[in-house]
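Structure first, then comments.
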Amino acid sequence: PGAWSSTPTPRVRRAACPGSFDPATNGHLDVIRRVSPLFDEIVVAIGVNQSKNRMFEPDERLEMIREATADLPNVKVDVFKGLIVDFCRVNDIPVIVKGLRMVSDFDYELQMGQMNHSLAGVETLFIPTNPIYSFLSSSLVKEIAAFGGDVSGMVPEPVLRRLQQRQKR
């Protein structure tokens, strides 16, 4: 190879897994774990919407997900405000990964994926959730926990600890 030859620099394959994660469920973690080997870096992007009442503050959600994914070295966790496509553009992330629990999720997520592509050229990949988590949602977990129900099989350990702390208050 002479001085003018160059080998292309390999592009880092990055994807964002966006959501509110209030709280993160085992379904969320299942999707993150399953897509982790497919990309060089997965960024779990926690959306902040000031108009919604949340159980956990963004920094609490960030800590819980970081702890729950600590064994996945290519998973990073970040918080964003505004549009996910703007977050992706700023962070050079060309792909959004979304888990689908049921057909109704697909209807909504397809529309969002098409909008994100038209706004910023960001692609959306859909991954079906594991059927054992198809009934799980953050809002159901919050409701069950609020009434003292057992959510231990629905959420990762860091989330369970925080939910139990909230119940003691």
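Name the pairs: first residue in segment 39-57 and under 18 Å from A16 (Cα atoms) and in a loop (DSSP other than H, G, I, E, B), second residue open to solvent by 40 Å² or more (accessible area, probe 1.4 Å) and not acidic (D, E), Cβ to Cβ under 6 Å, at least 6 apart or on different chains?
F39/R13; D40/V12; D40/R13
Only one of these conditions is not met by S104: (1) closer than 23 Å to F135 by Cβ; (2) modelled with pLDDT of 95 or more. Which number is it?
(2)
Within segment 114-128, identify whether any single residue is aromatic (F, W, Y) and either in a helix (DSSP H, G or I) or farther than 29 Å from R14 by Cα (or both), and answer yes or no. Outline the logic, then answer.
The initial filter retains those residues of segment 114-128 that are aromatic (F, W, Y), namely 126.
With the extra rule that they be either in a helix (DSSP H, G or I) or farther than 29 Å from R14 by Cα (or both), the set shrinks to none.
Checked against the condition, which is being aromatic (F, W, Y) and either in a helix (DSSP H, G or I) or farther than 29 Å from R14 by Cα (or both), segment 114-128 yields no hits at all.
Can you say whether S104 is under 27 Å from A146 (Cβ atoms), free of Cβ contacts under 8 Å to residues at least 40 places away in the same chain, open to solvent by 90 Å² or more (accessible area, probe 1.4 Å) and not β-branched (V, I, T), as far as the supplied structure shows?
No.
Which pairs have Cβ atoms under 6 Å, sit 6 or more apart or on different chains, and link a residue in segment 146-164 that is on the phi > 0 side of the Ramachandran plot and buried (at least 18 other Cβ atoms within 10 Å of the Cβ) to one that is aromatic (F, W, Y) and not in a loop (DSSP other than H, G, I, E, B)?
Pairs that qualify, where the first residue is on the phi > 0 side of the Ramachandran plot and buried (at least 18 other Cβ atoms within 10 Å of the Cβ) and the partner is aromatic (F, W, Y) and not in a loop (DSSP other than H, G, I, E, B): there are none.
Would you mention how many residues in segment 121-143 are buried (at least 16 other Cβ atoms within 10 Å of the Cβ) and farther than 22 Å from T25 by Cα?
Qualifying residue count, segment 121-143: 1.
Among the residues of segment 34-59 satisfying the criterion of being crowded, with 17+ Cβ neighbours inside 10 Å and not aliphatic (A, V, I, L, M), which is nearest to A15 (Cα to Cα)?
Only one residue tops the list, namely F39.
Any residue at all in segment 84-93 that is open to solvent by 70 Å² or more (accessible area, probe 1.4 Å) and either closer than 14 Å to G19 by Cβ or of a type in the set (A, V, I, L, M) (or both)?
Checking segment 84-93: at least one residue is open to solvent by 70 Å² or more (accessible area, probe 1.4 Å) and either closer than 14 Å to G19 by Cβ or of a type in the set (A, V, I, L, M) (or both).
Kindly establish whether N74 is open to solvent by less than 50 Å² (accessible area, probe 1.4 Å), out of contact with any strand residue (DSSP E or B) (no Cβ under 6 Å at 6 or more places or on another chain) and touching a residue at least 24 places away in the same chain (Cβ under 8 Å).
No: the conditions fail for N74.
The values are calculated or read from the model by the stated rules, or taken from the named source; none is laboratory data. All figures in this text were calculated on a predicted structure; none of them were measured in a lab. Counting neighbours? That spans all protein chains shown, and the Cβs are built from the backbone with ideal geometry, glycine included. Note: accessible area is taken over every heavy atom of the protein model, side chains too, but ligands, DNA and RNA are not part of it. Shrake-Rupley method; radii C 1.70, N 1.55, O 1.52, S 1.80 Å.
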